[in-house]
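Working notes, beginning with the structure itself.
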Amino acid sequence: MSFNSFGHLFRVTTWGESHGPALGATVDGCPPGVDLTEADIQPWLDKRKPGQNKFTTQRQEADQVRILSGVYEGRTTGTPIQLMIENTDQRSKDYGDILQKFRPGHADISYHQKYGLRDPRGGGRSSARETAARVAAGGVARAALAALVPGLSITGYMVQMGPHKIDRARFDWDQIGENPFWVPDAQAANDWAEYLDGLRRSHNSVGAVIEVTARGMVPGLGAPVYAKLDTELAAAMMSINAVKGVEIGEGMDAAALTGVENADEIRMGPNGPEFSSNHAGGILGGISTGQDVVVRFSVKPTSSILTPRQTITTAGEEVELITKGRHDPCVGIRAVPVGEAMMACVLLDHFLMDRGQTGGIRGQVG
């Protein structure tokens, strides 16, 4: 299978399967001299790992990352960084019944139609387990960004679960880490817990919308046409397993606005240009403005549910299927750190490209 890599100067290749012995990432293009240890990466993997509460899959994985190359005495050398995460709690027998059956909503049938064979154990490469490697790579990107762009922070959070949305009037950054859903709205977190518990008990699942915001941004990242910052962010988020839609800034809702409402007015502040609003999501003409970069993506409901579904076998026989195993009732919960990781990788990649093209020189205003 090809196309397992993304990025230009900061390039990430992920490898491994859901039920294989290990998975990981090869990170190439990280600048030398960045302080990096396994302890710098592990907190992000801990944020994503399964089995932390009743609202996520009960698969128990420590998700301990090992750095195999590219780091010497706690600093990156500029050579490829090899990251490995061992799988320790596979239950491949749970998938014995689906060896010749296609799970509705999964990539089983499309993989079979393209390649003529597939790894049925947890979905192989199509499993959300693959995202652990992205989060590890994102930890490397965060370490480099901390050195190169001090003050930049990347925070993901859930803004919708099924039909239920947060109340933006109650938005509180400090609440994000205080509940199992990474929600910036304490009341919504309480309501959603009851809602999701009911779905879990009824053998059902639900989708979600995740928002990722980069604060402390610098202007000038991105290129005018084929490497627009928003283009590459959208592609990165869309590549995450189960993602079906991506928005930048106002997104699809911009279609309902007039030009007067949508244009972010600009005034001169004491430290440079200031914008009256951020409908553009911090990106104009594919290039960052220095405002917060805001990206949202929607995650479909988990397709692995215990409710019987109609499907067919590889021989074309019509059958009924129940997907056994341990699965997330809302995979959007663990998609939050994945979205953060992809944002970090794209921003670092574009920072390095901008540094190579412009040397960091900026047009002066005022």
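The values are calculated or read from the model by the stated rules, or taken from the named source; none is laboratory data. The structure presented is a predicted model; accordingly, all values stated were derived computationally and were not measured. Cβ sites come from the backbone with ideal geometry, for glycine too, and all protein chains shown count toward neighbours. Areas reflect the complete protein model, heavy atoms only, side chains present, ligands, DNA and RNA absent. Shrake-Rupley method; radii C 1.70, N 1.55, O 1.52, S 1.80 Å.
Inverting the pair-averaged 1/r between distinct Cα atoms of region 266-366 gives 18.5 Å as its Kirkwood hydrodynamic radius. In plain terms, if you count all Cα to Cα distances in region 65-207 and split them into 5 Å steps from zero, the share in each step is 2, 7, 11, 11, 13, 15, 16, 13, 9, 4, 0 percent. Taken per residue, the accessible surface of region 101-185 reaches 41 Å², heavy atoms only and a 1.4 Å probe. Counting every C-alpha pair in region 124-248, the share spaced more than 23 angstrom apart comes to 45%. Please work out the Cα center distance from region 199-276 to region 280-331, rounded to the nearest Å. Taking the Cα centre of each part, region 199-276 and region 280-331 sit 19 Å apart. As a length-normalised measure over Cα pairs under 8 Å and 6 or more apart, the relative contact order of the chain settles at 22 percent. Among TYR157, TYR111, the order of accessible area from largest down is TYR111, TYR157, computed with a 1.4 Å probe on protein heavy atoms. When +1 charges are put on Lys and Arg Cβ atoms and -1 charges on Asp and Glu Cβ atoms, the dipole computed for the chain relative to its Cα centre reaches about 860 debye.
Extension gain for the segment GLU178 to ALA146, taken as residue separation times 0.36 nm less the Cα-Cα distance, is 9.1 nm to one decimal.
Amide H contacts of GLN64 (H built 1.01 Å from N, in plane; Pro and chain starts excluded): GLU86 sit under 5 Å, all sequence-distant by 5 or more or on other chains.
For GLU318, neighbours were defined as the other residues whose beta-carbon sits under 15 Å from its Cβ, and their charges (Lys and Arg +1, Asp and Glu -1) total +1. Over region 120-196, the hull volume per residue, using the convex hull of the C-alpha atoms, is 133 Å³. Working note: Cα gyration tensor of region 175-258, eigenvalues times five, square-rooted, sorted largest first, giving semi-axes of 31, 16, 14 Å.
Excluding same-chain neighbours fewer than eight residues apart, the aspartates and glutamates reachable from LYS244 by a Cα-Cα span under 19 Å are ASP108, GLU130, GLU211, ASP230, GLU232, ASP253, ASP328, GLU340. Counting every pair of alpha carbons in region 208-336, the share spaced more than 22 Å apart comes to 52 percent.
Just checking the listed ones, ARG200, ARG142, ARG296: in the Gaussian network model of the chain with Cα springs under 10 Å, the one fluctuating most is ARG200. A helix-only calculation puts the chain at -8000 deg cm²/dmol for mean residue ellipticity at 222 nm, using -39500 (n - 2.57) for each DSSP H run of at least four residues, averaged over all residues. Which pairs, out of LYS49/LYS300; LYS49/LYS228; LYS47/LYS114; LYS114/LYS165; LYS114/LYS300, put more than 26 Å between their alpha-carbon atoms? Pairs exceeding the cut-off: LYS49/LYS228; LYS47/LYS114; LYS114/LYS165.
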